[in-house]
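Asker: My questions all concern the structure below.
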Amino acid sequence: MREVRPSWWNFGWHLAFCWLVIPLLVALYRRHSYLMRIYSDRVSIEEGFWSKETSEFFIKDIRSIDVRQGVWGRMAGIGDVTISTAATVDAAETATGVADPNQIKDMLIAQRQQAAS
């Protein structure tokens, strides 16, 4: 199992101005409001800090995995990972600002291929 949270680099401006308490609290709140757990057979996504919303989908239902990185994201090694499933047209989950997005994509593809065989 692997847990995926947004990278600290995603909150660079918050951390650069951490001498101001509010941006630091916002960065902590936003970072702990999203958690993706990747198991061998499914992906679980938890969103929210005070109230939680959980969604799960099976690896075999994944139809596409998209990685989006800007120039700064490539330099810092962070990016957005969007996972689309077979459920409906709008069934897509996006993990924003995660570390090593291509590694996450490769791991999901490998597990998808393993589940298919």
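The values are calculated or read from the model by the stated rules, or taken from the named source; none is laboratory data. Worth saying up front: this structure is predicted, and the values here are computed from it rather than measured. Reconstructed Cβ throughout: ideal geometry from the backbone, glycine too, with neighbour counts over all protein chains shown.
Asker: I'd like the residue in the stretch 48-82 that is touching a strand residue (DSSP E or B) at 6+ places or on another chain (Cβ under 8 Å) and of a type in the set (Phe, Trp, Tyr) and, out of all such residues, is modelled with the lowest pLDDT.
Answerer: This residue is Phe57.
Asker: Can you name the residue in the stretch 26-49 that is hydrophobic (A, V, I, L, M, F, W, C) and surrounded by 15 or more Cβ atoms within 10 Å (Cβ to Cβ) and, of all such residues, is farthest from Gln113 (Cα to Cα)?
Answerer: That would be Ala27.
Asker: Right, next: Is it fair to say Gly97 is within 13 Å of the chain's Cα centre (by Cα), outside any loop (DSSP other than H, G, I, E, B) and in contact (Cβ under 8 Å) with a residue 60 or more places away in the chain?
Answerer: yes
Asker: Assuming Ala86 fulfils every condition listed in (1) touching a helix residue (DSSP H, G or I) at 6+ places or on another chain (Cβ under 7 Å); (2) crowded, with 16+ Cβ neighbours inside 10 Å apart from one, which condition is it?
Answerer: For Ala86, the exception is condition (2).
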